[in-house]
Amino acid sequence: MRWRLIRALIGLPATEVVLVPAIILWATHGTNLAADPTSPNEAWFWLALVPLVAGLCLLSWTVALFLRSGKGTPLRWDPPKTLVIRGPYRHVRNPMATGDILILIGESLLMRSWPLLAWVLLFFVVHSIYFPLVEEKHLEERFGDDYLFYKANVPRWLPKRRG
């Protein structure tokens, strides 16, 4: 179970929220687009921790749900065996990507980096195209009517207002 969790975290989220941002920071170092990291005695530092910690918690929760409830991981070669509709998946269809976005926003604020913010926007746009064209089609094939019902009742990004 632990090895599956480590592989699941390294497989996608670590690439998206660690490797790509590190490459961006390295590529922009020494340019006028270089990061200007905050320090703990600045308000930006503490502000950045809010989405960063929220994203890490959400990401960890969703991966754990895939392992426990779905009996698989978010990775293509080890997909969940059952449709996961618990926890944050009751409210939005893509909480894992939301967790990634929150982490990336936190990193952008922490590093005060416009190129990292551009990566957040690109990440969101690419996933907004990828999910309906590829991921959702794949889930419809795997889970059939259960996924179609879920998709009809649970929004992709933002939870429905109650009341």
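The values are calculated or read from the model by the stated rules, or taken from the named source; none is laboratory data. These figures come from a predicted structure and were not determined experimentally. Because the Cβ atoms are built from the backbone with ideal geometry, glycine has one as well, and the counts that use them run over all protein chains shown.
Report, ordered by the first and then the second residue, all pairs with beta carbons closer than 6 Å, sequence separation of six or more or different chains, a first member in the range 86-114 that is free of Cβ contacts under 8 Å to residues at least 60 places away in the same chain and more than 12 Å from residue 17 (Cα to Cα), and a second member that is assigned to a helix (DSSP H, G or I) and among the polar types (S, T, N, Q).
Once the first residue is free of Cβ contacts under 8 Å to residues at least 60 places away in the same chain and more than 12 Å from residue 17 (Cα to Cα) and sits in the range 86-114, its partners that are assigned to a helix (DSSP H, G or I) and among the polar types (S, T, N, Q) give 95/62.
If I filter the range 32-44 for residues that are over 16 Å from the mean Cα position of the chain (by Cα), in a helix (DSSP H, G or I) and among the aliphatic types (A, V, I, L, M), do I get at least one hit?
Looking for residues that are over 16 Å from the mean Cα position of the chain (by Cα), in a helix (DSSP H, G or I) and among the aliphatic types (A, V, I, L, M), one finds at least one in the range 32-44, hence yes.
I'm trying to understand the selection: among the residues of the range 147-163, which are within 13 Å of residue 93 (Cβ to Cβ) and not hydrophobic (A, V, I, L, M, F, W, C)? Let's see the steps before the verdict.
To start, the set of residues in the range 147-163 that are within 13 Å of residue 93 (Cβ to Cβ) comprises 147-160.
Residues satisfying the conditions are 147, 150, 151, 153, 155, 156, 159, 160.
Give the number of residues within the range 71-84 that are modelled with pLDDT of 80 or more and crowded, with 18+ Cβ neighbours inside 10 Å.
Here the count works out to 2.
Test residue 6 against the criterion of being modelled with pLDDT of 95 or more, of a type in the set (Val, Ile, Thr) and in a helix (DSSP H, G or I), and give yes or no.
Spelling it out, it is not the case that residue 6 is modelled with pLDDT of 95 or more, of a type in the set (Val, Ile, Thr) and in a helix (DSSP H, G or I).
Might you check whether a residue that is under 22 Å from residue 161 (Cα atoms) and in contact with a Lys or Arg (Cβ under 8 Å, 6 or more places away or on another chain) occurs anywhere in the range 94-101?
Yes: one or more hits.
I'd like to verify a number: residues in the range 126-162 that are more than 20 Å from residue 81 (Cα to Cα), at pLDDT 90 or above and charged (D, E, K, R), how many?
The total comes to 1.
Residues in the range 148-160: is at least one over 29 Å from residue 43 (Cβ atoms), free of Cβ contacts under 8 Å to residues at least 12 places away in the same chain and surrounded by 12 or more Cβ atoms within 10 Å (Cβ to Cβ)?
The initial filter retains those residues of the range 148-160 that are over 29 Å from residue 43 (Cβ atoms), namely 148-156, 160.
With free of Cβ contacts under 8 Å to residues at least 12 places away in the same chain added as a condition, the list becomes 148-149, 152-153.
Filter again for surrounded by 12 or more Cβ atoms within 10 Å (Cβ to Cβ), leaving 148-149.
Yes; the residues of the range 148-160 include at least one that is over 29 Å from residue 43 (Cβ atoms), free of Cβ contacts under 8 Å to residues at least 12 places away in the same chain and surrounded by 12 or more Cβ atoms within 10 Å (Cβ to Cβ).
Taking the range 127-147, which residues are surrounded by 11 or more Cβ atoms within 10 Å (Cβ to Cβ) and of a type in the set (A, V, I, L, M)?
The one that is surrounded by 11 or more Cβ atoms within 10 Å (Cβ to Cβ) and of a type in the set (A, V, I, L, M): 139.
Of the conditions (1) modelled with pLDDT under 95; (2) among the hydrophobic types (A, V, I, L, M, F, W, C); (3) more than 18 Å from residue 56 (Cα to Cα), residue 96 satisfies every one except a single condition; which number is it?
All conditions are met except number (3).
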